[in-house]
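The values are calculated or read from the model by the stated rules, or taken from the named source; none is laboratory data. On a predicted model such as this, the values are computed, not experimentally measured, just so you know. Here the Cβ positions follow ideal geometry from the backbone for every residue, glycine too, while neighbour counts run over all protein chains shown. Accessible surface areas use protein heavy atoms only, side chains included; no ligands, DNA or RNA. Shrake-Rupley method; radii C 1.70, N 1.55, O 1.52, S 1.80 Å.
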Amino acid sequence: MISVYIVTKNEEHNIERAISSVNGLGEVIVVDSGSTDNTVEIAMKCGAKVSHHDWQGMAQQKEHAKNLCSNNWVLNLDADEEVSPDLKSEILNTIKRTDIAGANIPIEEYFLGFPIHGKTKKNSHIRLFKKDKGTYGHERFHETPTVEGNIIDLKGGIRHYGEVSVEVKVSKINLYSSGKAIDKFDKGKGFSLLKLTLIMPLAFIKSYVLKRNFLNGIRGFIGSMINAFYAFLKEAKLYEAYLKGNQKN
């Protein structure tokens, strides 16, 4: 059996689906940072072990939640996601292996209420791993654990329902790009005019053509444009941080 951990805040519309999708895998740990809706009550009703932890950053929240898990294998799931039936079966087989420390899992995006085309290239992240082999860093958003040992790729996916509208997707990239830019600045990464100039068209080509988002029609075009703008925002905000840093000196 495994431990599934979920970090939440005001996810009453999603949390039941997420927990239900992992029934039979093992314990579910929910770490809430102050929901004002019914997230906590729903999670407890679904059988999850719920605790409160003041928000300290996404990586820190997930590290705290991971450390509450009692099983050797752990699975990280966001509240607006669910484990597909194929992935569920694959996980049960994967944790029997002794030669691996973790697994990359493809994310099946739902944008504007519809799933992406089956031949669209998916992003994959390490979500399943041995608890004592993985740790989170201090990235503000889109954190991924560092796992020591052999990592395999699974075929079953995690379904992500978070991008329900253009407004939500744009709000997310605005927030995430700020965190990413600050992370880069704190690590001493410098500003590049060439990258600022070229990153948006290159990111669009990567998303729309190389990742085959053109198969998703107008939704694919809109999503790729937003993805490209996200790449541009990270560089623009890095330049902004560079300017503010020089003003202080």
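Would you mind getting me the FRET efficiency between R219 and M1? Use the beta-carbon distance for r and R0 = 30 Å, nearest 0.05. It comes to 0.20. W55 contributes an accessible area of around 120 Å² to the protein surface, as traced by a 1.4 Å probe with all chains present.
When peptides 188-198, 235-245 are sorted by average Cβ neighbour count within 10 Å, with the highest value leading, the order is 235-245, 188-198. For the chain, a crude dipole built from +1 on the beta carbon of Lys and Arg and -1 on the beta carbon of Asp and Glu, taken about the Cα centre, is about 980 debye to the nearest 20. Each part gets one Cα centre, and for region 99-151 versus region 214-248 those centres are 22 Å apart. The label point for N123 and the one for I152, both projected 7 Å from the Cα toward the Cβ, are 2.5 nm apart.
Each Lys or Arg adds one and each Asp or Glu subtracts one; over the other residues with Cβ under 11 Å from the Cβ of T120, this totals +4. Ellipticity at 222 nm from helices only: DSSP H runs of n ≥ 4 in the chain, each -39500 (n - 2.57), divided by the residue count, give -13000 deg cm²/dmol. Within the chain, the percentage of alpha carbon pairs spaced more than 25 angstrom apart rounds to 48%. Each pair of Cα atoms in region 96-235 enters the Kirkwood radius, and Stokes-Einstein at 37 °C and 0.692 mPa s then converts it into a translational diffusion coefficient of 197 µm²/s. Just checking the listed ones, K119, K180, K49: in the Gaussian network model of the chain with Cα springs under 10 Å, the one fluctuating most is K119. Helix 166-186 axis versus longest C-alpha principal axis of the chain: approximately 80°, rounded to the nearest ten. Averaged over residues, the count of other Cβ atoms within 10 Å places the peptides 167-179, 75-87 in the sequence 75-87, 167-179, highest first. Mean projection of the Cα convex hull over all viewing directions, computed for region 159-214: 5.3 nm². 3J(HN,Hα) couplings calculated from phi for region 41-55 with the Karplus curve 6.51 cos²θ - 1.76 cosθ + 1.60 (θ = phi - 60°) are, in sequence order, 5, 5, 4, 5, 5, 7, x, 7, 8, 10, 9, 9, 8, 4, 5 Hz; Gly and Pro show x.
The accessible surface of the chain, taken with every protein chain in place and a 1.4 Å probe, is 55 percent carbon and sulfur. Computed over protein heavy atoms with a 1.4 Å probe, the accessible surface of the chain works out to 52 Å² per residue. Extension gain, N67 to N174: 0.36 nm times the residue separation minus the Cα-Cα distance gives 35.5 nm. Modelled spin-label separation between H52 and D37, with each label point placed 7 Å from Cα along the Cα-to-Cβ direction: 1.9 nm.
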